[in-house]
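Enquirer: What follows is a structure written as C-alpha cells; I'll ask about it next.
The values are calculated or read from the model by the stated rules, or taken from the named source; none is laboratory data. This one's a predicted model, so the numbers in the text were calculated from it and none came from an experiment. Here Cβ is always computed from backbone atoms with ideal geometry, including for glycine, and neighbour counts include all displayed protein chains.
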Amino acid sequence: MSITATEAISLPYVQAPETSENLEWADLITLDLSKFDRPGGKQELAHEFQRAIEEVGFFYVSNHGLNPSEISTQFALAKSTLSLPTSSKTPYRAALEAGDYNGWKPAGIRELIPGVKDNFEIYNIPKFIDEHKDRAHPEIVREHWSTIEQFSKKVHDGIVSKLLVIFAIALELDDEEWFLKRHRYESQSGDHLRYMKYYQRTEDENRRLGGVWLKGHSDMGSLTLLFRQPVAALQVLAKDGSWKWVRPQTDAITVNLADALHFMTNGYLKSSIHRVVAPPKDQANIDRLGVIYMVRIEDDTDLVPIEDSPVLQRLGLTGEKVLDGDGNAVKAGEWVRQRVIKNLGATSSAKGDNEETDVEIVKGVSIKYYE
Ligand SMILES: O=C(O)CCC(=O)C(=O)O
Ligand SMILES: [Fe+2]
C-alpha cells in the first residue's frame with residue numbers, strides 16, 4: 001500500500017432526519033469489530049456471523065474504525081460530484097455496454113415500466129491500483145483524490161479484511177486468510193467506491209411503479225458495505241417471503257453478502273435479495289444520497305464451492321457446482337461483466353423492466369429479479 005503524504009481533508013455534510021413512521025424493520029445482528037483483536041474475538045464474531053446468515057445475508061458492523069467525519073466527507077463528495085451539471089459528467093460515462101461500471105451512470109437509462117425510467121445516478125470510483133491510475137475523473141474527484149484513496153483503502157484494509165477472516169473461520173477453513181488471499185487489493189477485481197443518488201418521484205410515478213425504484217436483486221461481487229444514511233428505502237427479502245425495511249443504524253455500516261460468496265458456498269452464505277422502494281411520506285421529498293463500497297473477489301477466481309470447508313462438507317454442499325453451458329466454472333470477473341451488460345439489456349424489453357424475472361447471465365446460468 002502506498003503511503004501518501006497528503007493529509008485527508010474533512011468536509012461537512014448534514015444528513016436528513018430519520019423517519020418517524022413505524023415501519024416493519026428487519027431484525028439484523030450487529031458484529032462489533034472491536035472484538036476482532038481480542039483473544040477469541042474472531043471466533044466469537046464468526047459464531048455470531050453464522051447466526052446472521054441463518055436469517056438473511058444482511059448484518060450491521062459497528063466499531064469499524066472509520067470516524068464520522070471521514071464518512072461525512074464522502075457524503076459531501078458524493079453530493080458535489082453528482083450535483084455537477086450533466087455536461088460535466090458526460091465525459092466520464094461508464095462503458096456499461098462493455099460491462100464496465102466505473103465512472104458515471106446517468107439516471108433514466110433503464111425503463112422500469114413503459115414510460116417510467118429509473119431515477120438513480122451513480123459515480124463509481126475503482127480501487128486505487130495501477131490499472132486505473134490514468135482514468136479521467138471530474139475535477140472535484142481529482143481535487144480530493146488522496147482523501148478518497150485513503151478512505152477506500154481504509155475500508156478494504158480495516159473492515160473488509162476483518163470480515164473476510166471472519167467468513168473463513170465460520171467455514172472452518174484451516175487458512176484464516178483463504179478469502180483475503182483472493183481479495184488482494186493490488187489484484188484485478190471490480191472493487192469500487194460508489195456515490196449514488198435517487199431523485200425523488202411524484203406520487204403518480206410511485207403509484208405506477210407500485211413504489212419499487214430498484215427491483216429485488218442480488219449484488220454481483222462478494223459483499224456490499226452501505227454507509228449510514230437515514231432515508232428509509234432499502235428492503236430485504238426475509239425468509240418468510242416478506243419484504244422488511246433495513247434500518248439505518250447509528251454509527252454502523254450495513255453489509256450484505258453477494259453472488260460470489262453464494263456460489264463458493266453453494267448458498268450457505270446467501271446472496272441476499274434486496275430492493276429499493278419509495279421512502280415513507282416524511283422523507284418523500286428528499287433526494288436520497290448513498291455512499292457504498294462494493295467488494296469483489298479477484299476476477300480470475302472460479303466461482304465453485306470451497307471443497308476444503310468442513311462446514312460445507314458436513315452440509316453436503318461441496319459436490320454441486322454451477323457450471324456454464326460449456327461445462328466450465330464461471331469466473332468472477334466474467335460474471336460481473338455479464339451482469340452489468342445484462343442489466344442494461346432490460347431497457348429494450350417491450351414489457352418494461354419491472355416485469356422481468358429470469359435473466360441469463362452467462363450461457364446456462366440465470367438469475368432472478370423480484371417484483
Ligand atoms: O441504495 C441502496 O440502499 C442499495 C443500492 C443497491 O442495492 C445497489 O446499488 O446494488
Ligand atoms: Fe444491491
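Enquirer: Among the residues of the stretch 30-48, is there at least one that is modelled with pLDDT under 95 and in contact with a helix residue (DSSP H, G or I) (Cβ under 9 Å, 6 or more places away or on another chain)? Give the steps one after another, and end with the answer.
Expert: Here is the first cut: in the stretch 30-48, the ones modelled with pLDDT under 95 are none.
No: the stretch 30-48 contains no residue that is modelled with pLDDT under 95 and in contact with a helix residue (DSSP H, G or I) (Cβ under 9 Å, 6 or more places away or on another chain).
Each row is one residue, and each column tells you yes or no for (1) touching a strand residue (DSSP E or B) at 6+ places or on another chain (Cβ under 9 Å); (2) within 16 Å of ligand 1 (Cβ to nearest atom).
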{"site": "Leu112", "(1), (2)": "yes, yes"}
{"site": "Asn119", "(1), (2)": "yes, yes"}
{"site": "Lys127", "(1), (2)": "yes, no"}
{"site": "Pro138", "(1), (2)": "yes, no"}
{"site": "Lys153", "(1), (2)": "no, no"}
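Enquirer: Of everything in the stretch 81-95, what is surrounded by fewer than 18 Cβ atoms within 10 Å (Cβ to Cβ) and in contact (Cβ under 8 Å) with a residue 40 or more places away in the chain? Give them in sequence order.
Expert: Across the stretch 81-95, the qualifying residues are Leu84, Ser88, Pro91.
Enquirer: Here's something else I'd like to know. Condition first: part of a helix (DSSP H, G or I) and out of contact with any strand residue (DSSP E or B) (no Cβ under 7 Å at 6 or more places or on another chain). Can you find one or more residues in the stretch 185-194 that meet it? Steps first, answer last, please.
Expert: The first filter runs over the stretch 185-194 and keeps only residues part of a helix (DSSP H, G or I), leaving none.
No, every residue in the stretch 185-194 fails to be part of a helix (DSSP H, G or I) and out of contact with any strand residue (DSSP E or B) (no Cβ under 7 Å at 6 or more places or on another chain).
Enquirer: Quick check on the stretch 249-268. Is at least one of its residues aliphatic (A, V, I, L, M), within 16 Å of ligand 1 (Cβ to nearest atom) and in a loop (DSSP other than H, G, I, E, B)? Before you say what the answer is, go through the steps one by one.
Expert: Of the residues in the stretch 249-268, the ones aliphatic (A, V, I, L, M) are 252-253, 255, 257-258, 260-261, 264.
Now restrict to residues that are within 16 Å of ligand 1 (Cβ to nearest atom): 252-253, 255, 257-258, 260-261.
Imposing the further condition that a residue be in a loop (DSSP other than H, G, I, E, B) reduces the set to 252, 258.
Yes, because at least one residue in the stretch 249-268 is aliphatic (A, V, I, L, M), within 16 Å of ligand 1 (Cβ to nearest atom) and in a loop (DSSP other than H, G, I, E, B).
Enquirer: Would you point out the residue of the stretch 290-304, among those that are away from ligand 1 (no atom under 12 Å from the Cβ) and in contact with a Lys or Arg (Cβ under 8 Å, 6 or more places away or on another chain), that is nearest to Ala76 (Cα to Cα)? So that I can check it myself, show each step before the final result.
Expert: Pass one, the stretch 290-304, residues away from ligand 1 (no atom under 12 Å from the Cβ): 295-304.
Right, trim to in contact with a Lys or Arg (Cβ under 8 Å, 6 or more places away or on another chain) and you get 297-304.
Values: Ile297: 28, Glu298: 30, Asp299: 31, Asp300: 35, Thr301: 35, Asp302: 38, Leu303: 36, Val304: 40 Å.
That would be Ile297.
Enquirer: Another question about this same structure. Please go through the stretch 315-335 and pick out each residue that is touching a Pro at 6+ places or on another chain (Cβ under 8 Å) and of a type in the set (Lys, Arg). Give the steps one after another, and end with the answer.
Expert: Filtering the stretch 315-335 for residues touching a Pro at 6+ places or on another chain (Cβ under 8 Å) gives 317-321.
Correct list: Lys321 only.
Enquirer: Among the numbered criteria (1) surrounded by fewer than 22 Cβ atoms within 10 Å (Cβ to Cβ); (2) out of contact with any Leu (no Cβ under 6 Å at 6 or more places or on another chain); (3) not polar (S, T, N, Q), which single criterion is violated by Trp245?
Expert: (2)
Enquirer: Moving on to the next point. With the condition kept exactly as written, say whether any residue in the stretch 219-231 is within 12 Å of ligand 1 (Cβ to nearest atom) and of a type in the set (Lys, Arg).
Expert: First, pick out the residues of the stretch 219-231 that are within 12 Å of ligand 1 (Cβ to nearest atom): 219-221, 223-231.
Filter once more, keeping what is of a type in the set (Lys, Arg): 228.
Scanning the stretch 219-231 turns up at least one residue that is within 12 Å of ligand 1 (Cβ to nearest atom) and of a type in the set (Lys, Arg).
Enquirer: Does the stretch 249-268 hold any residues that are surrounded by 20 or more Cβ atoms within 10 Å (Cβ to Cβ), under 26 Å from Leu66 (Cα atoms) and away from ligand 2 (no atom under 15 Å from the Cβ), and which are they?
Expert: Ala252
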